[in-house]
């Protein structure tokens with residue numbers, strides 16, 4: 001996917017103006033190209049994305065580098081199916 005499929009929205013949780021990295025009729029996604037020593041948390045941006053995807057009847061996808069570590073709260077969202085984790089190099 002190309003970055004031209006970006007969408008502006010107001011975060012349902014924070015009220016902040018946001019821009020999604022990838023937006024299609026069925027998928028709402030963020031790309032986090034974090035370093036190998038960084039641990040991705042369930043940030044307010046991700047919480048806004050999850051809520052917006054749910055409100056617009058889309059799947060929330062989080063693209064991370066292979067082997068990236070995530071915090072327990074974020075892993076719980078992945079395990080529950082609210083977040084689909086994919087490798088940053090994969091096609092959604």
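Specify the angular offset, from 0 to 90 degrees and rounded to the nearest 10, of the alpha carbon long axis of helix 44-55 from the longest principal axis of the alpha carbons in the chain. The helix 44-55 is inclined about 50 degrees to the chain. Which one, 76, 55, 33, has the greatest fluctuation when you compute a Gaussian network model over the chain with C-alpha springs under 10 angstrom? Residue with maximal mean-square fluctuation among 76, 55, 33: 55. Taking a ≥ b ≥ c as the square roots of the eigenvalues of the alpha carbon gyration tensor, segment 6-45 is oblate, as a/c is not under 1.5 and a/b does not beat b/c. Contact order, relative form, for the chain: 27 percent (alpha carbon pairs under 8 Å, 6 or more residues apart, mean separation divided by residue count).
Length available on full extension from residue 90 to residue 44: 0.36 nm per residue minus the Cα-Cα distance, which gives 14.1 nm.
Taken together, the values in this text are just the output of simple stated rules run on the coordinates, not laboratory data. Remember, predicted model here, so these are calculated numbers, not experimental data.
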